[in-house]
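Remarks on the structure that follows.
The values are calculated or read from the model by the stated rules, or taken from the named source; none is laboratory data. None of the values given here were measured: they were computed from a predicted structure. Heads up, the Cβs are rebuilt from the backbone with ideal geometry, glycines too, and the neighbour counts pull from every protein chain shown. Side chains included, ligands, DNA and RNA excluded: accessible areas come from the protein's heavy atoms. Shrake-Rupley method; radii C 1.70, N 1.55, O 1.52, S 1.80 Å.
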Amino acid sequence: MSTPTPSAPPIRVLIADDQMMVRTGFRFFLDAQPDITVAGEAADGEEAVALARRLRPDVCLLDIRMPKLDGLAATRLLAGPEVTDPLRVVVVTTFDLDEYVYGALRGGACGFLLKDSGPTLLAEAVRAAAAGDSLVSPSVTVRLLRHLTEPERTARPAPVTEPLTDRELDVVRLVAVGRTNAEIAAGLYVSLSTVKTHLSSVQLKLAARNRVEIAAWAWRHGYVRPGS
């Protein structure tokens, strides 16, 4: 998990949800964190996209079911593959439906969180997104990646601009089963900064925008198997 850095400026968050009570609850908890501040709120998807583009928050928390423009469409507009300067989006929803998870992550979200996950995990998801990491429940991560890549799971590894080293592949396999950077560091007996260096190198070689895309690549090309 990412840990707050007291000397760093607070993480600026945009909350988008059509329920005022949800927005109020999220704001109350996040504003109470020493390293997080709520920069704005939106009650529908169109307002969320407009505010996000104007405020450029560090992290956008988007509900899926919103009026005018749903959270998946808003995610694509703010963080999708065609966006030149994408924002970091975490989708927060009541519905643990695979189609929503796939749609969010394929649309560029770097995290997927259920509203009943609790306030602590919400703050950790914000911190992870701000740090360029992602937070998706490990069980959800493995489930969705298996489904997402099943037709190609036995395919030969795709060519990359430069081969991954053995250690980079070790890191990739752990990312693919939902391990955090701290857990990867502990499991491989290396420092956290070393893990981040390996991930940066892997992202460059795979042209992956985040660890979710790295994990999907590993599952798709047979570097991770069921039961891993």
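Here are the numbers for this structure:
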item	result
Theoretical gain in end-to-end length, R27 to T165 [0.36 nm per residue, Cα-Cα removed]	45.4 nm
Residues with amide H under 5 Å from that of R88, placed H, sequence gap 5 or more	C60
Fraction of accessible area attributable to carbon and sulfur, region 36-130 (%, probe 1.4 Å)	49
Those lysines that a straight Cα-Cα span of less than 22 Å connects to K196, excepting residues fewer than 8 apart in one chain	K205
Mean Cβ neighbour count within 10 Å, used as a protection proxy, ranking 82-91, 12-21 highest first	12-21, 82-91
Gyration tensor verdict on region 6-71 (Cα atoms; rounded if a/c is under 1.5, prolate if a/b is larger than b/c, oblate otherwise)	oblate
Backbone HN-Hα couplings from phi across region 186-198 [Karplus 6.51/-1.76/1.60, Hz, Gly and Pro as x]	5, x, 9, 6, 10, 7, 4, 5, 5, 4, 4, 5, 4
Additional length obtainable on full extension of the chain from A50 to A186, 0.36 nm per residue less Cα span	44.8 nm
Average accessible area per residue (Å²) across region 1-121 - probe 1.4 Å, nucleic acids and ligands excluded	49
In Hz, Karplus ³J(HN,Hα) per residue of region 24-29 (6.51, -1.76, 1.60; θ = phi - 60°; x = Gly, Pro)	5, x, 4, 4, 4, 6
Other-chain or far-sequence residues with amide H under 5 Å of L113's (modelled H)	V91, V92, T93
